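No lab work stands behind these numbers, since they all come straight from the coordinates. The shown structure was predicted, so the numbers you read here are calculated from the model rather than taken from an experiment. Cβ coordinates were reconstructed from backbone atoms using ideal geometry, including for glycine residues, and neighbour counts include every protein chain displayed.
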Amino acid sequence: MTRTRCYREGVLCAEGFSLQDVSEHLAESSSVVWADLGAASLADLQLVAAELGLHSLAVEDATAGRERPKFDRYAGQEFLTAYAVHLDKETGALVTGEIAAFITPRALVTVRRDDEFPIDALVARWDENADLTRFGIGALVHGLLDFVVDGHFDAVQSLDDEIEQLEDLLFDDRPHDNAVQRRSFELRKSLVQLRRVVLPMREVVNTMMRRDVGIVPEAMTPYFQDVYDHVLRATEWTESLRDLVTTIMETNLTVQGNRLHVITKKVTSWAAIIAVPTAITGFYGQNVPYPGFGHHSGFVASLVLIAGLAGLLFLAFKRNGWL
């Protein structure tokens, strides 16, 4: 589904027009056009490329998809690739939505390969900051980057919350070894995927802010600096969470080892206690005379020895923390 908008002097003046009318709207020197090709066919993309003179290599990257987040410069235009993300809390999987953007001095063309990228939320972000659209294409690019980076932040926050719950399970009185191990691997995998889309964004935003690129108007510089600060914080947070998940996995193995050691001590202690009556009854079960043989006193003596020695062992093991 194709979506289009035209801003004139910072005010939304038209939307929902066909791709063939893009050039007509750009004929006005004060116009800025946005076109979104959701799950676009190659024919639609070729049509826009012919209208705006988009570079063939950038068109190829947008068509192929699965590119790393990047910012490429061509003559008179730029090409941006980024990913919107969110965490599926039930499975612990990171859901990504790729978006490619062609940036010209007065046009922004976005290409989405699927519906995972929430384009309606992006449009709502632009409408919330309608006062910035007077700065032209830089304001639209800022809205796109700000929306993507905020999604990265939300995903990191969700992962942080999930890891805190994992820590609670780790030291719960009831063992949750399998659940902790499985969840740790799920979250670690999601953090690795998140790092792949967050880390390159530092270079993307930093390159855009260079004066020779010309995308960022001087008045928009503080806004892009704010986005860059959020990118750095999201990157550092992601790295720290990766280390924390690794620590949790190692701690889980240590806790399992400690728990096994405690169980081994308890089993050994009870085996020692059980060995006492076994030895005594075995001794008195010999087919030879012994003290108290054939008398009631001999039976009583064996019971007293069993109870006394077993009780002494129990108290000794209890005092040493083995039971």
Task: Packing-based exposure ordering (other Cβ within 10 Å, fewest first) of Trp270, Trp237, Trp34, Trp126 - done: Trp270, Trp237, Trp126, Trp34
Open item on the list: Run lengths n ≥ 4 of DSSP H only: what is the helix-derived mean residue ellipticity at 222 nm for the chain, with -39500 (n - 2.57) per run over all residues, to the nearest 500?
Closed with: -20000 deg cm²/dmol
Open item on the list: Within the chain, how many Lys pairs that are eight or more residues apart, or on different chains, come under 23 Å at the alpha-carbon?
Closed with: 4
TODO: Would you work out which of His261, Thr278, Gln77 lies farthest towards the positive end of the dipole of the chain? Charges go on Cβ: Lys and Arg +1, Asp and Glu -1.
DONE: Thr278
TODO: Within the set of other residues whose C-beta is less than 13 Å from the C-beta of Ala58, count the net charge using Lys and Arg as +1 and Asp and Glu as -1.
DONE: -3
Open item on the list: For a quick check of your reading of the filter: which trypsin sites (Lys or Arg not before Pro) in segment 1-73 sit in a DSSP loop and have no more than 15 other Cβ atoms within 10 Å?
Closed with: Arg66
Open item on the list: Based only on other Cβ atoms within 10 Å, what is the fewest-to-most ordering of Glu67, Glu250?
Closed with: Glu250, Glu67
Task: Charge dipole (the chain, unit charges on Cβ, about Cα centre) - positive-most of Phe117, Phe153, Val227 - done: Phe153
- [ ] Mind jotting down the distance between the C-alpha centroids of segment 96-134 and segment 209-254, whole Å?
- [x] 21
TODO: Lys and Arg at +1, Asp and Glu at -1: add these up for the other residues within a Cβ distance under 12 Å of Leu312 and post the number.
DONE: +2
Task: Acute angle (nearest 10 degrees) that the helix 221-284 long axis makes with the longest principal axis of the chain, alpha-carbon atoms - done: 10
TODO: Give, to the nearest whole percent, the P(r) tail of segment 100-230 beyond 17 angstrom, counting all Cα pairs.
DONE: 66
Open item on the list: Just to confirm my numbers, what's the Cα centroid distance between segment 47-88 and segment 298-321 in Å?
Closed with: 80
Task: Enclosed volume per residue, in Å³, of the convex hull spanned by Cα atoms of segment 205-261 - done: 55
Task: Met249, Met1, Met201 arranged by Cβ crowding within 10 Å, fewest neighbours leading - done: Met1, Met249, Met201
Open item on the list: If each residue of separation counts as 0.36 nm, what is the full-extension length gain between Met209 and Lys189 once their alpha-carbon separation is subtracted?
Closed with: 4.0 nm
- [ ] Taking the Cα centre of the chain as origin, work out the dipole magnitude from +1 charges on Lys and Arg Cβ and -1 charges on Asp and Glu Cβ, in debye rounded to 20.
- [x] 2100
Task: Whole-angstrom Cα spans of the chain along principal axes, big to small - done: 121, 38, 29
